[in-house]
Structures are given as C-alpha cells and as structure tokens.
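Structure, as structure tokens:
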Amino acid sequence: MREFFRSSAARLALAFVLVTTAATTAVFGLVYLQIREANEQRHRLILEDEAAKAVNRPVDELRLAFEVRLTHDLRRIDYAALFGPDRKPMFGNIDALPPIPLDGKSHYVAASPARGIDNRLEPAIFVAQVRPDGNIMLLGRSLLETLAFRRIVLNALATQLAPMLLLALAIAALFARRASRRLTAIHDTIAQIMKGDIHLRLPVRSQNDAIDRISEDVNLMLDEIMRLLVQIKGVSDNIAHDLRSPLAVVHAQLKRGLENSSDEQLRAVVRQAVDHIDKAMLTVAALLRLAEVEYGPKSSRFALIDLSALCTELFEFYEPLATSKSIKMTLEVQAPVQILGDGDLMREAISNLIGNAIKFTPEAGTINVSVTREEDRPVVRVRDNGIGVEPGERDKIFQRFYRTASGHRVPGSGLGLSIASAIARLHDFDLRFDDNHPGAVFEMVARKK
C-alpha cells in the first residue's frame, strides 16, 4: 500500500482531487455570492420603488396603506412608519428613525428595534424620504429571512461538497489503481524477460494510450532483438560449418601433400588449399561487410542521390558481362528519382541484385533493370527469366548463408541478398521477391512515410 501511494499514478490522482476541490469550492463560492447579492439587491430596488410611489400620497391614504401592509405581513419582516418633522413617530411599527440619510435610497442597518416584535434586534434595509408636508416616511425590510436563506444555501453547498470530493477521490483512486496495476504487470514482465524468458512480451490493452504505445514499441524492440539473436545463432552455426569444411579440406590436402614427395603434386595441393582459404576469407569479408552495414552509423554519410543515374552506371558496367553470356540486358529509368541515402551502399545493393540475375540466368536469357516512382515511392526493380526460386525457399533467401538447391552449383558466400536487404532497411526500403514465370523479380520499394 505504501508503494501505491508513493507511485506517480497515486500522486497524479491526489493532484486531480486537489484541483477538483479547488475548482468546486470556487464554483460554490461564486454561486453563494451571486445568490446573496441578487437577493439583497432585489429588496433594495423594491423598497426604493415603493418609497418613490408613496412619498406624495395623503397622510390618511398612507396610514391606510401602511395598516394593510403590516396586516398582511404575517412573517413580520416589513417596516413602515411616518415621523413628524420633529422625528417623533406618528404611526407605524417602528419607534425611532434609524441613523440613515433621508435621501430616498436604501441603506443597510445592522441592528434595528421593531415595535411589537419581541423587541428583538435584527439587520434590515431602510429607505427614508422627506415628504412635501415635512413629514418623514420610512420603509424597511428585515434581512433575517435573507440571512437564513443564505445559511441554507451555504449549508447545501457545503453538504454537497463533501460527497463530491469523496466521489472524485474514489474515481481518482480507481484510475490510479488501474494504472498502478498496469505498470506492475509491465514491471513483472520485464523482470521475467531479464531472467531469460525472452519470448515474453509486455501486456498491451486495446486503449491505445501512451502506456500501450510504449509497450508496443518495446515489444517491437524485443522482436528485433529476438530476430538478431536467432540470426547470431544461425550465423555462428553457419560460420562454424562454412569455415570447418574448407579448413578440414586444407588440412587433409596439406597432410597428403607432405606425404607425397612429388613437387608438382605438392604445388597442386597448395593451390587447392589456397582456393579453400580464399573461400573462407571471402566468407569472413562478407560477414564483416554485413556487420558494418547493419551496425554502423545509420545516416552520417547520407546525401541526395539519383537512383536513375546510379542504375544507368551499373547497367553500363554489367552489360558487357551479360553480353558475354548471350544475355540481353535492358534498362528503363525515370530521371531523376532522388532519395536521401548513401550512394556507395545503394550501388552495392543493386549491384548484388544485378550480379545474381546474371549468375542465375542462362544463355539467351533476358534481364531488365528499371527505376520508377510508384504511388510517389521510389522503386528499383531487377527482373530476369532465369532459374527462379522454388516456392518453399522464397521465405528463406534473405537469410544469411542460405543457398537454394539450384544455387549450390554457383560460387558465392550466400550473403549477397542479406547485405542487399540490410542496405535496403537502412534506407527505409523493403527488398521483396516475386515470381517472374519463369525467373525472379527483386524490387526495392521505399516504405510509406
């Protein structure tokens, strides 16, 4: 429980309650002041209006009006009296003039004695005005009922404030508790992941709030870490396999060469050993290049490059090689198709795609290289009518060291497509495969922004 109240969610809930309390108190205070001022102001306006209308009435008529007024005043809250020029009472229910100006305006008197009302003192509003005959007319209204009404309103507001605050506190505590439970679940999951259960993922609800978005981002990061771990394991196994075979062959050949006294045969064995060592060095160099692409600086060398110009340059470089194999190579470009990227890396990626197309396309085949902009996204496409890729192998060709069943007859490290795919991801492109019936289509498509 102590940890709950020390949590940020509980502090946020407490702040919510405090703000709600302050706002509610301010609203209730404003309502109370408005009611108090409006009620008193209404009494003042009525008294001033009645005094202005009655000041010129004859004395007998005024006496009758006062008697009727006081007779109907069952609550005994009205004052009405007429005083002579010497300020002595002539008739009415008050014995003495209150200390107020005789200006026909309303004035507040904190304590006024009333005749025949148990001699009590009460706050009231009075209007005093001199008549044309020199007499002084006095009208007034007790404020006891007004003050009682104010107390009722104030008590009602205060009574409602406590349940409202309790309700706000309960709601805030509920939301704080829910948030605390979510954070506790996330913390427990992270603890399990740190203990080695890397297949677990942070819980995500359907609320799509800030916590859910953070959890989704962390889960994507964990998926990427998991993918990299699988790749590392696969790379380690493949390195062990790919290096063990040539080393074993080199060891056996050198051993036989030492046992053979013929210099010519020894030279042949050494040449074969050098070929196997070169193959191992090629594999290591490709792995180092892949690591440089995937884990090196992401955009330190990025600048505007024209994919059309880059593919035209590669077309001119590879066309003689394709022609030597009787392969027809064509180019379709839209100039310019510019992106922000590393020109050397994109050249290497597209070069891998074109080189693979030439490797796996037979004589009299065709290769087409195109650069277009589709749905305002740059697309580089390399299409051939070669041996293609079997359906069961298409989801594996971008894995490191993977060689298709038909590709084992062609020299290579099995890392070319992995490097091209890594370069594509670095530039926010996706490298995809499609069937050309026959042959293959490799396309690099910019991701939607």
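With respect to the cross-link table entries Lys325/Lys396; Lys359/Lys449; Lys396/Lys448; Lys328/Lys449; Lys325/Lys448, which display a Cα-Cα separation exceeding 31 Å?
On the way: Lys325/Lys396 28 Å; Lys359/Lys449 35 Å; Lys396/Lys448 25 Å; Lys328/Lys449 36 Å; Lys325/Lys448 38 Å.
Correct reply: Lys359/Lys449; Lys328/Lys449; Lys325/Lys448.
For the stretch 338-387, the per residue solvent-accessible surface stands at 40 Å², with DNA, RNA and ligands left out and a 1.4 Å probe. Within the same chain, aspartates and glutamates fewer than 8 places from Lys195 are excluded, and of the rest, those with a Cα less than 18 Å from its Cα are Asp223.
So with the 1.4 Å probe, I'd like the accessible area per residue for the stretch 41-80, rounded to whole Å².
Details: 2620 Å² over 40 residues.
Result: 66 Å² of accessible area for each residue.
Applying both filters, DSSP loop and at most 13 other Cβ atoms within 10 Å, to the GluC sites (Glu not before Pro) of the stretch 350-394 gives Glu363, Glu375.
Mind ordering 51-57, 416-422 by average Cβ neighbours within 10 Å, highest first? If you can, show how the numbers build up before the last one.
Values: 51-57: 14.4, 416-422: 23.0.
So the order, starting with the most tightly packed, is 416-422, 51-57.
The values are calculated or read from the model by the stated rules, or taken from the named source; none is laboratory data. Only a predicted model underlies this, so the values are computations on that prediction, with no experimental measurement involved. Backbone-built Cβ (ideal geometry, glycine too); neighbour counts: all protein chains shown. Side chains are part of the model used for accessible areas, which takes the heavy atoms of the whole protein and leaves out ligands, DNA and RNA. Shrake-Rupley method; radii C 1.70, N 1.55, O 1.52, S 1.80 Å.
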